[in-house]
Amino acid sequence: MKKLVGAVTIALAAYGALGAATAQAQNCSVWLVESSRFMNVPFGAFMPDRAYVPGSNSPNNSINTVDLPVNVGVIKCGKELILYDSGWKQTDYFKMTGTEHAAPLPDQLKMLGFSANDVTKIVVGHGHWDHAGQLMDFPNAVLYIQKEELKGIEWALNYPNQRISAVNTSPGGCMRTPACGYPPKTLDEIYGKVLSGKAVLVEGEMEVIPGVKIHPAFRAHTAGSQLLEVPTSIGKLVFGSDAYSSWEAIRDWMIANPQQTDTVQQFLAYEKCYKITGGYQNCVAAHEPLSYTDKYPLTKNSWIGINGSRMAEIALASGERSRKP
Amino acid sequence: MSALVSTPRRAPRIGLKQIALGVLLVGLGAVAALAMVREGRRATAPVSNSATLEGGAFAGHPQRAALTPEEENYAAALWPIHAQIKTSAVQMTFAGLSYKMGDIDRTAMKDRVAPLTKVFRDARSEASRLEVPASLQKQHEQFLGALKLYEAASVEMVKIARDGKEEHLVEAQKMSYAASEDTLRVGDALWPGEYKPN
């Protein structure tokens, strides 16, 4: 960590430390926003233990396909407005086969009464395109990404065996190689944040503001996955991006969305949530099919937003008004 | 187990039910034939960005017009160039990132980026020699344009080795970003399943 980014990092880390010394951790208000939904995904492709078995009476194997939301956390702590993940933006040229209910995040924030310019920080759980998109739409936000994530991409990219290094290996399919999932556009957006001096390359654990803590979860989905602990009136929450792809998986100790995942590390990330929150109820999952329903109680206080996308109000800090229409 | 249980055989007898079933099957066959003819016509239609994209990403049943054989050939020939370019584009981005992170100095960054100029130029030369179906001319031009942008971005980036001005990186990133959008536009037409939910 040297030069400019290093300077930014150190400066902000110092600011964070100073803040921690002078300010008390406060409860934050939290909402969940559905950036888009991937439709009709075979359950077994998402969670191998939940693969559909025709005729099976087992609740674990009786569901053929599921719809996967892409969830983004909106976290307001005093004057700080923090996003956990930034979803992705559907465009005329990047539609993503099988996607419905996509909505631009700035417009969704507007529905909550926020402007894109209000966002001060974006903590990405990892750098995949569907979790670290739209960064340029938040010009004032400082990006927090693990240095390990960037190192992991670069390592894979330069690996001599193309089965490892390929960004995509065959027409029509990304073959789950370690470099897969990071299109040039997404990386250029991350690089853009670095160039504009609005990036913190996190190394391990970090307190972003008092009480709001980044926890590394390396290889729990990608090389530099990271969790975010947030204090709220209903107890601590832990956001997990794709390390916590499925809330049911955390509850039932099953792996989910195993991309470049070390499944042991994914379980350790689950354990982290149990330890921090005292159970699994307050673990916030990125793609849980039950999101925004009573079956995932944390997210049940929900409503329909733009283009059929859903939103949920999870917790309100003292004095914070409800944003639910 | 029920599938293994056998039932006693009966002598075949043609009745009204069987005749009705036969008529139904013939009708269904006619509908299927008509559908195949229609699909055949659709397949020759130009691929457009407004093609309907439905069906699950993992499900493998995208509902969009298939490429014609000529378009398939073009897509297949362009793919290795596209794959190489994506990797090179990301390598260029990482050269900039490594410099900004202080892992390499500007001379080392130049050493990493300068060879990419030739990669982008050669790729453009190779792509321009491909036989392009008229229906994909727009995508072809977009792809060549993207390669030109990437090449220009690499040239711009290495200028920092000479004068140390970071504006070169900013300018190069803008070009690279625009190129990445154009390659996505081409990909949307030729390889709609290129990126999966991650």
Inset, instruction - Please enumerate the residues belonging to the stretch B:107-133 that are more than 25 Å from the chain's Cα centre (by Cα) and surrounded by fewer than 21 Cβ atoms within 10 Å (Cβ to Cβ). - result: B:Thr107, B:Ala108, B:Lys110, B:Asp111, B:Arg112, B:Ala114, B:Pro115
Inset, instruction - Inspect all residues belonging to the stretch A:112-128 and state whether any of them is closer than 19 Å to A:Leu201 by Cα, more than 14 Å from chain B (Cβ to nearest Cβ) and assigned to a loop (DSSP other than H, G, I, E, B). - result: yes
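For every residue, the table says whether it meets (1) closer than 20 Å to A:Glu80 by Cα; (2) among the hydrophobic types (A, V, I, L, M, F, W, C); (3) surrounded by 24 or more Cβ atoms within 10 Å (Cβ to Cβ).
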residue	(1), (2), (3)
A:Ile209	yes, yes, no
A:Lys213	yes, no, no
A:His221	no, no, yes
A:Gly235	yes, no, no
Inset, instruction - Select from the stretch A:184-194 the residues that are at the interface with chain B (Cβ under 8 Å from one of its Cβ atoms), over 17 Å from the mean Cα position of the chain (by Cα) and under 22 Å from A:Phe94 (Cβ atoms) and list them in ascending order. - result: A:Pro184, A:Lys185, A:Asp188, A:Tyr191, A:Gly192
Legend entry - Of residues in the stretch A:253-282 being over 22 Å from A:Glu148 (Cβ atoms) and touching a residue at least 40 places away in the same chain (Cβ under 8 Å), the one surrounded by the most Cβ atoms within 10 Å (Cβ to Cβ): A:Asn282
Inset, instruction - Within the stretch A:64-95, count every residue that is under 24 Å from A:Pro184 (Cα atoms), surrounded by fewer than 24 Cβ atoms within 10 Å (Cβ to Cβ) and under 18 Å from the mean Cα position of the chain (by Cα). - result: 2
Inset, instruction - Sort out which residues of the stretch A:283-325 are surrounded by 17 or more Cβ atoms within 10 Å (Cβ to Cβ), in a strand (DSSP E or B) and either more than 18 Å from the chain's Cα centre (by Cα) or touching a residue at least 60 places away in the same chain (Cβ under 8 Å) (or both), and write them in order of number. - result: A:Val284, A:Ser302, A:Arg310, A:Met311, A:Ala312, A:Glu313, A:Ile314, A:Ala315
Legend entry - Total residues in the stretch A:24-47, condition more than 12 Å from chain B (Cβ to nearest Cβ) and modelled with pLDDT under 95: 3
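The values are calculated or read from the model by the stated rules, or taken from the named source; none is laboratory data. Note that this is a predicted model, so its numbers are computed, not measured. For neighbour counting, all protein chains shown are included, and Cβ atoms are generated from backbone atoms with ideal geometry for every residue, glycine included.
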